[in-house]
Structure formats: structure tokens, C-alpha cells
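Comments concern the structure below.
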Amino acid sequence: MLLALVLLPILAGSAMLLTRGEDRRAYRAVGVAVALATLAIAVAARSEDWSVPWLRAPFVANFHLGIGTLAFWLIALLALCTACAVLAVDSARPRALVGQLLLLEGTMLGLFVSRDLLLFALFYDLMLVPVFFVLLERGEHPRDAWRYIIYNFAGGLLLLFATAAFGVLHGTTDVIGTAGNAISGTWAPWIFWGFAIAFLVKTPAFPLHTWMPNTYASLPAPVAAVVGAVQSKAGLYGFFVIALALMPQEVARYSGTLIVLGSISLLYGAVAALVQTDAKRVVAYSSLSHLGLIVIAIATQQPLALAGAALYIVAHGLFTAALFIGLGYVEEREETRSLARLRGIGAKNPRLAGALTIAGLAMLGLPGLAGFVGELVIITGIVQSGNIAVAVVAVISVVLASAYVLRLFQGIVNGPVVHDLPVRRDLTWREGIAIAPLLLALLYLGVNPHAVLAGGTVAIPRAPLSSTSGVPTP
Amino acid sequence: MTLPFTHVDWAAIAPLEVLAATGLLVLLLDLVLRPFAPRALSLGIAILGTIATAVMIGQQYGTNVAAFNGGYIVGNFSVLFGGVVLLGTLGALALMGRGGRDRESAGTIALLLWSACGALLLAGASTTMTVFLGIELLSLSLYCLCGLADRASAREAALKYLLLSSTASAVLLFGMALLFGASGSVALSALATPAMVGNPLFWMGSGFFLIGIAFKLSLVPFHAWAPDVYEGAPLPITAFMTVVTKAATIAIFARFAYAALPSGASQMLLLPVWIVAGISMIVGNVGMLAQHDLKRLLGYSGIAQVGYILAALAGTTRVGLGYAFFYLAVYAVMNLGAFAVAAALSSGDAEEGTKLETYRGLGARRPLLAAAMTFFLLALAGLPPTAGFLGKILILAATAGSGYLWLAALLLVGTAISLYAYAKIIMAMYRPDHRVRVAEAVRSAPLPWVSLALCLVATIAFTFYPLLPTGLLPLVK
């Protein structure tokens, strides 16, 4: 079943790329069906464990698949986002786009179900390829494809090096899901930073983020939704299951550096989001800011902060995907993303405006939506860990978040109708269904965060929460 | 009168005999049957002969025979490197369906087979005499083959290769002479005695020997000939050289490094080689960036890839040898695959498939070929799910495991640069491009497609079922 989980979207996507024809309905239907099937398989195979030997020298490596707690939520997020993104595809050439989305889903599913570091590294690099091709064929500038692949491949190489060194020293790479100080001694910092830099590139965090705004702005909205919502979490997931679980001493030793990088990302992303004129870039920089907060939470190793981080990872994925899909709708209708041009969607397309508003409010951290709970729990955790200054920075960034979200919405939703922009019909049923599940999930997790928070809390086998009473009920 | 060699000796080199006889048979049949489609016949016989040779070599797996007084050692090492040599030969033969004149095809094929004989000899050679014999047999045939195409660059390539390679042979020979002076024996194993450490002749001889090898392997700073020669030579010959020459020369280097050096001197003596390997990774990959010809580009790529393979040998560990061989085999497969795509796009002597201009917009015109090329280029760069990825991680494990961290770092930097160069071609293939259509073969020959498909399958299969060789050592008896 687990193997089918990974292979189904990959085979379906490859087959789709080999077909001919551009029937939007058919491709969308198949794509959504595959994505929902993966969700069903993931639920059914949640407790499965599958392993086949791979290497015996120079270290033991297995094709070992399994679904951890955090991984399960990421898989659910991924399947949901993919289904929504596929449904939102409205290109004249849907075949390649849907095919690449399925390939992207398959490779990322592979990443999240890997229980072996080498397999993890394999999928970590493999998931770059579909995005690279989408950027090549549909990106706004060839430069964007370059930046994306070079940055991320360089990160992948460091991961490769760290994996090889880890394997040689530890004897096996079949370690995801286990815990303990696997590596110590003179090599530990090198290996840790190999992993950490790879993950920070992917997340991204300052100063390794420069590929990200261009990539997100250049990608077609459905792909940007999946990449921004889920692929960016691959790095954070790596921090959880590799850095925190296997080398907590190193995380503790370098927590200062990580916290500084996270804080800079947090503030810099928020400030940069305030001055962007491209709506997608606002979301891109906000992502830098929000994920910086998660990096800080990870660096503190505070159980509460980690629990909040796990929830926020899911919440951020949901509202980022919803926003990118929504902005894609705006771009299809108005043929621009420039905040200097857009006005008055609220008057023209009220349903679209409503959807965008809910997603934006989640991003801003409105109580009742999932983003709020995540931020609150993380900041509480940071305060508990004694980093008051960092908590202050985080709160400042939350205030800045209100500013840029409101600026985004004043720019797009409010104001008089601009007469030289086209007037198109409001959200269709299909478009509405493509964004509604994400918004509903945000609302559900906002009022019932225990679904993620309490269900074994976080996939860190090392640090079981002393008691679930530590988790506040918002 | 008694013959100096017994039937055991002759049986040990039976595969070479078959391969050489195949070459003769091709020539003879061509003489008789010239009016009747000789090219297809010659190719068929050559391919069958090569496969037969491969089977015979395969049967030697697990044996350990020192033939010709230790001049040629049959063992797993010679079997595996011989296998790569024959793989490269088959890959090159598969590309020979087009190009060149029909009446020359038999001669070309025969020369190619004899060149492969030289390479096979090198895989088992363990005295300086057999090493030199193998290198000359390999090179002499290649000098002719390089100049076959009817263009100025081919003549330049042949002459350049002749001059530079002869110089390298001379340096190698001088080194061998000094080594003989030091040990009083032509056997490589005779050098592995502690007495050699204090012997200046040994140091000088080894130095010259290694310089000669570096020349043949086109390591920096002796690399400049390779791209020029590869560009000038016909496509199948270039494919042959990138794989077979490298495999044979690496076999010699490995045998020298593992079996001929006294333990006290080994690491100090080989350190310059590792340094040169590290520089080659950078120079080769940077050199790729400016190329407009696929053969030149793969020539530079080869310089870097040899660097990777040598990096696995750094520290001369037992596991490193296995990984070096694994990566060599993987490199052979993915490289031959890229050449097969180029051949499928070529209609003959014009070799359209070697000009990077041809790849513009290929993704729209020939989606399957473009996808295959993308796959092989990503494999060369080391992206999953190709065996290039697994090969790189194994090399990293070996290099880091033996303490050569700086070499691992250079490998990472070089690989990152290389992706830029490979992705440039991929980009040209998939960016929508509405410029004038470029010339390319409309109907492809079937053999390159077969070769391409086999390489593709092998490149994926090696990732998930890595056949890591064991029992390569000892290299001398």
C-alpha cells in the first residue's frame, strides 16, 4: 500500500505526460481522483511499515516506508492541496501542468513516507525536477528556473554529503522515526550543518531565500500553491525528523545561530512583504516570515513550541495554498497581479473576494482560524524557553503581518472598480470547490486544533510531551 | 624445443583471441562479400563477436589465474573492467550504422575491435611490459579511427592525438624504465617492497608513470587535448574513447596504486593525483559551460567524471575501489546513452546531433528523444532516480570515510557547477522556441534507439539494485 501511495501519482503523472490531447475536464478529473486516492491510501496505510534492503555497504540502507505523525499531516495536506490545485488548473495546455502536479505530489509523498535517510535524500532532489520543468515551460523568465534548480540542487548536494557521512559514521541510514544522539564528535557539526543548510535553503530562511520570491511569482498559481504550501515544508520536516530527532545536541549547540537566522527571516520577510507590488510576491515574502517563526520554534526545542510548529506547518500550508489559488483566480480575471493596478474585486466578484479574505485573515492570525493557534502556541513556547527578546520580535512580526495583509486586501478587494481592467464572472462552482476545502480545514483546525496538536502531538520520538495539559486550549 | 607458454596462458586470454579474430573475420568477409551490404553484416558479426567475448570474460568471474608469468592476471578485477570495456565497445558499435563511407566500415569496425583488445589487455595487465603493449594496441588503432571523418577538424584531431598520446607514452615508458631500474623486475608487484621507499629511482619512475597515466586520463593540467580530439573524431569513436579508454586507464592506475606501491610511500606518492583529480572536477565542469558542441561538452564532462572516479580511490581503500568501479560502470551507461541520443538525431557525417543548436526546442519536436537526453544529462549531473545519484553518494562515503574531506567538498562544488552546464541544454530543449528549424535526422537508425533504451533501463536499475562488486582485491598474485 505504501509503495502504491508513492507510485500511483508518479505513474499517473508520467502516463499523463505521454498522452496527447488537451481536454481540461478529463485531465482535471483524473488528477483529482488520483490525489484523493492518495489521501485515502494514506489514511488506510497509516500504520503500515514496508522495508526492502537496498545497500549493505558502505552503510545499511533500506527502501523503508512508513508514516510518522507529522508526516501523516503533511501527506494529508499535500493530497488536499494537490487535489485543489489540480481542480483549479484552467490552462489551455492542462496536460503537462496536471501531469507535473501529480509527479510533484508523488515525489513529495515519497519524501514524507521515507524512513531511510538515503531515500529521503533521493526524493529531496527528485522533487525539484517537476517544478524545474514547469518553470522552464511556463515560467516568466528562464532565470527563475535557473535560480530554483541551482539553489535547491546545491542544498541537495549538502544533504547528500551529510547523508553519506552520517551513514558511514552511524552504520545505517535507516533512522527516520528513531531518536537519540546518533552522531557525536568532530564530525557532528559538519553533518549537522550539511543537513541544516539544505533544509534552510528549502524552507527558505534568510540568507538562503533569494530563489524563493522569483520562483513563487513565476510559477503558475496551482503549482505555486503546492510548492509554497508543501514543498517548503520538506525542510522543516527534515529539521523535525532528522536534526531534532537524531542530533538534538547539535541543535542545542547551534540554536543561537538558528534563532538569529529565523528572527532575521521573520522581520525581513514581513518588511519586504510590506513593500512588494506583486501580489504573489507579498505572499512569498510573508512565507519567509512565517517559516522563520517555525525555524525559531525548532531551535528552542521547547515541546510546546514544537507542538505549535507542527500545527503551524499545516495551517501555513492551508492558507498559503488558498491564497495562491485565489490570487491565480484574480490574475486570470484581471490579467495583472500588480497591487498598483488592482482595485475593487469585492464589488465585481464578491465570492472570490470572500475566499481571499478568509485566507488572508488566516495568514494574519485571526483567532478562530488555524494560523492563530499555531502562532499563539509557538510564541508561548518561545516565552517558556526564556527567549523573551525573540518572543518580542515574533509579536512585532505578527503586527507587521496585519499591515501587509490589510495592504494586500485594500489593494485587491476594496476600492472602486477600475474601469480599464476586464470584468469577468465571479467564481464558478469548480473554482469555488477548488478553494473551499482549504478554507474549511483552516476553520476546523482553528476551533479544534487538538486534531493535530494532541494526536501524539509531534513526530519527535525523542521528546514526548510530559503531558498534553501543557497544550493550552484556545 | 618447448614453447615458453602453456595452454593455461592461452586459455586465460581466450576472450582477447576471440575478439581479435572477430576483427579479422570482419575484414575477410568484407573482402569477399563487398557487393552485398557489407556494413550490416560487419556490424552484426562484430556485435556477436563482442557479446561472445563478454560471455567468455564473464565465465572467468571468480577465477584467479596469473598467465604469462604474471603478465596478465585473470580475476574479478579484470573481468569487471573488461566488462565495462566491452560495454563501451558495444555502445560504440551500436552507433556505427550511419556516417562514414560504406567501403570503409569493415576496416573501421576491425580497428575498433582491436582497440578494444588493447583495453581488455590493460584490464588484466600486471607487468610494465603488458601495460605498454595494451596501451599501444589501444592507442594505435585510435589514431587511425580519430581521423576517419572527412573534415579538417578530424585530421587535426588525429594528429593532435597522435602527437600528444605518443608523448604521454614516451613519458610512461621512461617511467617504466626507471621503475625497472629500481626493482630489477617488470612485475608491478615487485615494487611493493619497503626497500623501494628509500630508492630515488622508484620515486622518479613512479612520478613519470603517473604523469603518463594522467595524460591518458586527460586530467588537468594534461587535459587540453581531450575536447579537441573528441570534437574531431566521428561520433561512435568519441563514445568509444570516453568510455573504453577511461576504463582501461583507470584499471591500470588502480592496479598500480593498489598493488605496486610500498605502503610507506603510497599515500605521499599519490597525493598529487588526488589533488589533480580535485582540480579536474572543477576545471572540467567549468569548461563545459562555454561549449557549443555536444562531443566537446561531454569531453569536458569526462574530465570531471574521471575526477569523481579517482576521488573514490583516494586513500586506496578496499571499499573505494568497489565504488570507483560502480561509478565507472554507471558513467559508461549514462554517457553511452547521451551519445545514443546524439546518434539518433544524426543522419550521417554531418552529425547534427552533436551540435547543441540542434537541441533548441527539441522537446516539442521529438519529445521522446528530448526526454531521454534530459534523463541522461540529469544522470550525469547526479540527480535521482538515476544511478549517478547513488554513485555520487557512494563516492562521497568513500572519500569522506578515508578522511579526504577537501576532495568531497570539491566534488560537491564541481557537481553544482556541472548541473548548470547540463541544465543549459535541458533548458534549450524545453523553452518554447520559434526560430528557424534546425537540421536533424528525420528517420532515426534503429540501433541507437536500442542502445538508448538499454542504457536508460540500466541507469535506473543500478539505482535500485546496485551491483556493488566485491572481491576485487588482491590485484596481484
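The values are calculated or read from the model by the stated rules, or taken from the named source; none is laboratory data. It should be emphasised that the depicted structure is a prediction, and the values quoted were computed from it without experimental measurement. With ideal geometry, Cβ positions are generated from the backbone for all residues, glycine too; neighbour counts draw on all protein chains shown. With ligands, DNA and RNA removed, areas are computed over all heavy atoms of the protein, side chains included. Shrake-Rupley method; radii C 1.70, N 1.55, O 1.52, S 1.80 Å.
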Study note, to complete from the structure: By accessible area (1.4 Å), largest first, B:LYS355, B:LYS246 order as B:LYS355, B:LYS246
Revision key, fill the gap. Between chains A and B, total accessible area buried, probe 1.4 Å, no ligands or nucleic acids, nearest 100 Å², roughly 3100
Practice item. Averaging sequence separations of C-alpha pairs under 8 Å and six or more residues apart, then dividing by the length of chain B, give the relative contact order as a whole percent. Key: 16
Exercise for review: Go through the stretch A:153-181 and flag every residue whose accessible area shrinks by 50 Å² or more with all protein chains in place compared to the isolated chain (probe 1.4 Å).
Suggested key: A:PHE153, A:LEU157, A:LEU160, A:PHE161
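Quick one: net charge of B:LYS216's neighbours, Cβ under 15 Å, K/R +1, D/E -1?
Working: positive: B:LYS160, B:LYS246, B:ARG255; negative: B:GLU136.
Local net charge: +2.
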Review point. Any idea what angle helix A:117-126 forms with the longest principal axis of chain A, computed on alpha-carbon atoms, 0 to 90 degrees, nearest 10?
Key: 30
Check your understanding: Relative to the isolated chain, which residues of the stretch A:35-66 have their accessible area cut by 10 Å² or more in the presence of all protein chains (1.4 Å probe, heavy atoms, no ligands or nucleic acids)?
Key -> A:TRP54, A:LEU55, A:ALA57, A:PRO58, A:PHE59, A:PHE63
Check your understanding: Where does the stretch A:271-463 land on Rg(C-alpha)/(2.2 N^0.38 Å)?
Key -> 1.07
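Could you give the size of the charge dipole of the stretch B:7-464 about its Cα centre, using +1 on the Cβ of each K and R and -1 on the Cβ of each D and E, expressed in debye and rounded to the nearest 20? If you can, show how the numbers build up before the last one.
On the way: 24 positive and 17 negative charges, 167 e Å.
It comes to approximately 800 debye.
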Study note, to complete from the structure: Among B:GLY58, B:LEU210, A:LEU135, the residue whose Cα sits farthest towards the positive end of the charge dipole of the protein assembly as shown, when +1 is placed on the Cβ of each Lys and Arg and -1 on the Cβ of each Asp and Glu, is A:LEU135
Point to revise | Of B:LYS295/B:LYS392; A:LYS202/B:LYS295; B:LYS160/B:LYS246; B:LYS160/B:LYS392; B:LYS160/B:LYS295; B:LYS246/B:LYS424, those spanning more than 28 Å from alpha-carbon to alpha-carbon | key: A:LYS202/B:LYS295; B:LYS160/B:LYS392
Practice item. Using only Cα atoms, find the angle between the long axis of helix A:350-364 and the longest principal axis of chain A, and express it within 0 to 90 degrees, rounded to the nearest 10. Key: 30
Review point. Are there residues in the stretch B:359-400 whose accessible area shrinks by at least 40 Å² when all protein chains are included rather than the chain by itself, and which are they (probe 1.4 Å, ligands and nucleic acids not counted)?
Key: B:LEU383, B:PRO384, B:PHE389, B:ILE393, B:LEU396, B:ALA397, B:ALA400
Check your understanding: So how far, in whole Å, is the C-alpha centre of the stretch A:99-159 from the one of the stretch A:303-378?
Key -> 25
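Rounded, prolate or oblate, given the Cα gyration tensor of the stretch A:365-447, with a/c below 1.5 counting as rounded? It would help to have the intermediate numbers written out before the result.
Details: a/c = 4.94, a/b = 1.76, b/c = 2.80.
Oblate, because a/c is 1.5 or more while a/b does not exceed b/c.
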Point to revise | Rounded to whole Hz, the Karplus (6.51, -1.76, 1.60) HN-Hα couplings of the stretch B:239-245, x for glycine and proline | key: 4, 4, 5, 5, 9, 6, 4
Review point. Roughly speaking, what is the centre-to-centre gap between the stretch A:38-61 and the stretch B:290-343 when only Cα atoms are used, to the nearest Å?
Key: 31
Study note, to complete from the structure: Here the net charge surrounding A:PHE153, from other residues whose Cβ is less than 13 Å away from its Cβ (Lys, Arg +1; Asp, Glu -1), is +2
Exercise for review: Please give the length that would be gained between A:ALA436 and A:ILE388 if that part of the chain were fully extended, namely 0.36 nm times their separation in residues minus their C-alpha to C-alpha distance (nm, one decimal).
Suggested key: 13.5 nm
Exercise for review: With a ≥ b ≥ c taken as the square roots of the eigenvalues of the C-alpha gyration tensor of chain B, please select rounded if a/c is under 1.5 and otherwise prolate if a/b is larger than b/c or oblate if it is not?
Suggested key: oblate
Check your understanding: Nearest 10 degrees, 0 to 90: what angle lies between the long axis of helix A:128-138 and the longest principal axis of chain A (Cα atoms)?
Key -> 20
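Just the number, please: carbon plus sulfur as a percent of the accessible area of the protein assembly as shown, 1.4 Å probe, no ligands or DNA/RNA counted. Don't skip to the answer; put the middle values down first.
Numbers: 21440 of 31270 Å².
Carbon with sulfur: 69 percent of the solvent-accessible area.
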Review point. Among B:ASN76, A:ILE183, A:ALA83, whose Cα sits farthest toward the positive end of the charge dipole of the protein assembly as shown (+1 at Cβ of Lys/Arg, -1 at Cβ of Asp/Glu, about the Cα centre)?
Key: A:ALA83
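Calculate the FRET efficiency for A:THR210 and B:LEU405 from the Cβ-Cβ distance with a Förster distance of 41 Å, rounded to the nearest 0.05.
It comes out at approximately 0.90.
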Point to revise | Alpha-carbon Rg/Rh ratio, for the protein assembly as shown, with Rh computed the Kirkwood way | key: 1.03
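Which FRET efficiency value, to the nearest 0.05, is calculated for A:THR277 and B:ARG318 with the Förster distance at 60 angstrom and r the Cβ-Cβ distance?
Values: r = 61 Å, r/R0 = 1.02.
The formula returns an efficiency of 0.50 here.
Could you give the accessible area per residue of the protein assembly as shown, probe 1.4 Å, as a whole number in Å²? Let's see the in-between values first.
Values: 31270 Å² over 951 residues.
Heavy-atom accessible area per residue stands at 33 Å².
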Exercise for review: Among the lysines, select those whose C-alpha is under 28 Å from the C-alpha of A:LYS348, and discard any that sit fewer than 8 residues away in the same chain.
Suggested key: A:LYS280
